[in-house]
Structure formats: C-alpha cells, structure tokens
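Q: Have a look at this one.
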Amino acid sequence: MICMGAKTRAMGGLGMWGTGGLGVDYREEPATLSGGTHMKMVTALQLMQFGTPVAYTKNGLSIGITPIVQYASLDINYEHVDNTFTPFSAGSGVSDDISFGLNVGLAYEVSNFTIGAVYKSEIEMEFEDVLNNAIGPMTGGTYDNDKLSSPEEYGVGISYTTSGHTLAVDWKHINWEDAETYKDFGWEDQDVIAIGYEYAADTWSVRCGYQYAESAVQDNTGKGLAVDTMYAPGGVSLSNTFNLLGFPGTQEEHVTVGASYTLNEMYSIDFAAVFGLENTETMQNFAAPGAEISTEHSENSYSVQINYSF
C-alpha cells in the first residue's frame, strides 16, 4: 500500500568513537617481597569503534543499522614469585586486534512519545599471548585462552517531549556471562536502568542523566570457577583478586551531563562528562584462606565530539 504524502527519508554517515577502557597502574607500589600487596600490576584495555550508520525513516518509524569495526589493545603485567620465592615479571606486553560487529536500532514516534529498542552484537577480540602469559603463571600455566569479547547488549527505552523538554527512561541488558574471558572470571550480567532529561533550543541543547546497575564483579568464592580450581590452594579465589586488582569493573552509579551546539546544517559539536560514583567491594583474596582484598573505585570522563552530516 502506498500512502500519498508519507514522509520518507534515508540517511547515512561515518563515525569514530571510543567505547570504553579499563585499567590500573600500581607500578610505583612496593615490591611483593617488600610487603607490597598490589603485585605492581599494570593493566590497560582500550576500545575504539568505527561505524557507517545507515538510517531509514518513514511515518514516524526509524530503523538504523551500523556495521562496526572495533580496534582494541590489551596489556597486562605484574610481579609474581616462583616456587623459590624469586620475583619475576609476568606478562608479554601490548597486543592489539581488529574485529567486527553490528549495532541495530529502531524507534517509533507517536504523539509526543518515542519508543525505541537497540541491539549490539558481541565482538570477539584475540590478543596474542597476553591473557595466557598473564594468567597462566597464577594457574600453573594451564590457562590458554587469549580471547576477550565486548559483550552483547540489548535494551528498550521510552521518552516524552514537550516544548523543548524531553524526559527519557531506558533499560539495557549487558551479557557478561557469555563474553569470552569475562565469563571465566565470573562476571555477572547487568541490567542497567537510566533516566535522562534534555532541554533543546533552536541551535543548542543541554542534558543530564543518572544510571544504576549492580556491579558485574561479584564475590566468586565457592562458585568453582575453572581459574580458581586451577590455582586451588585451600579453595581461595584467584578470580576475585584478578578482578578487583586488575580489572575492577565495580561501578554501580553514574551521573552524566552534556550539551550540543549546531554550527550549521552540516556541522555540530557535542560535549559530555560522566562521573562514576565511588563504590567499594571487598572479597576473598587468593593470597591465603581468610585473606581479603578491597577496592574503592570511582572515575570521571570527559569527551568532545564533532559531527558532520551529509
């Protein structure tokens, strides 16, 4: 059926953006045999994506598809001791990889409401000799996986707009439990709830938001994870230590602010700041039965993005 006067529009573009990163730097802490408890651990995971989004809009329905090229690098190094208590450096330096994924989204506008949904595919990366050379010494050389995945995500949301004011509520599920390496270290799926507000004028807009999700890193004591049973002295949890010391993905609350300014029909600029509120997690340490490890984690990030439409 063809509806006379129906509004139809197809759009495209090109984007490049950082999607996240995680790491710690304890190289200045005391050596392990000098009483240091941080193992001089240094980790750095960096992720960047390139995409060419294509969107189609008709009668209030919008569908967007973005093929993704993801570049990532990973480095893990720390100080360990062998059976004779001789310290050595574990890790093999930085490795990087390029892989591919897909983002799909749709939205439907009716009256002043917009209802939307999004899906992001898992993107599997392989960092040659990084994970096995870093984790292997802790597990007696039995860990041989070098794959790390950006997890699958999907979600839905709804917004209401009137007189320049927009209020939005979103729900998103992050599938850590099936993502490579994260699943080996007991990361749990997250359900993220977010609420946001925007005021938009003719050429500028301002926005703020808040989101909450229970930490993906939970206490693995007693779960029987393979990396823990490989180590297994007294049943203590190696995975807890590696998570909280090297990859403390423990943030639960975030506050965001942002603004946009339209320069002309083709160019606009976005500003954003994200504040991860401090969260403390305490779990069983791998050093000895009954020992604990505790991590306090907060973070801030700032970004500027220039958009070009054609």
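What follows is calculated from the coordinates using simple rules that are stated; it is not laboratory data. This one's a predicted model, so the numbers in the text were calculated from it and none came from an experiment. Cβ atoms come from the backbone with ideal geometry, glycine included; neighbour counts cover every protein chain shown.
Q: Note down the nm distance, to one decimal, between modelled labels 7 Å out along Cα→Cβ at Tyr267 and at Asp129.
A: It is 4.6 nm.
Q: Helix-derived [θ] at 222 nm for the chain: sum -39500 (n - 2.57) over DSSP H runs of at least 4, divide by residue count, nearest 500?
A: About -1500 deg cm²/dmol.
Q: While we're on this one: Less than 17 Å apart at the alpha-carbon level, and either on another chain or at least 8 residues along: which lysines does that give for Lys147?
A: The reachable lysines, counting only those whose Cα sits under 17 Å from Lys147, are Lys183.
Q: Residues in region 157-183 near a label at Asn112, defined as backbone nitrogen under 12 Å from the 7 Å Cα→Cβ point?
A: Residues 160-167 qualify, since their backbone N sits under 12 Å from the label point.
Q: Mind telling me which of Asp189, Asp202, Asp170 comes out most flexible in a GNM of the chain, alpha-carbon contacts under 10 Å?
A: Top of the fluctuation ranking is Asp202.
Q: Which of the aspartates and glutamates could a cross-linker span from Lys172 if the Cα-Cα distance has to be under 17 Å and same-chain partners fewer than 8 positions apart are dropped?
A: Within the straight-line cut-off, Lys172 pairs with Glu122, Glu152, Glu153, Glu188, Asp189, Asp191, Glu214, Glu252, Glu253.
Q: Can you return the aspartates and glutamates within cross-link range of Lys40? Criterion is Cα-Cα under 14 Å, with same-chain partners fewer than 8 residues away left out.
A: Of all the aspartates and glutamates, those that pass the test against Lys40 - Cα under 14 Å, at least 8 places apart if same chain - are Asp25, Glu28, Glu29, Asp75, Glu79.
Q: On full extension of the chain, what length is gained from Ile63 through Gln218, given 0.36 nm per residue of separation minus the C-alpha to C-alpha distance? All intermediate terms of the calculation are to be shown ahead of the outcome.
A: Values: separation 155, 0.36 × 155 = 55.80 nm, distance 3.65 nm.
Here the segment from Ile63 to Gln218 would lengthen by 52.1 nm.
Q: Check Ser149: other-chain or 5+ apart residues with amide H under 5 Å from its amide H, H built from backbone geometry?
A: Correct list: Met125, Glu180, Tyr182.
Q: Which whole number in µm²/s is D for the chain by Stokes-Einstein, with the Kirkwood Rh taken over Cα pairs at 37 °C and 0.692 mPa s? Working shown, then result.
A: Values: Rh = 21.8 Å.
Diffusion coefficient, whole number: 150 µm²/s.
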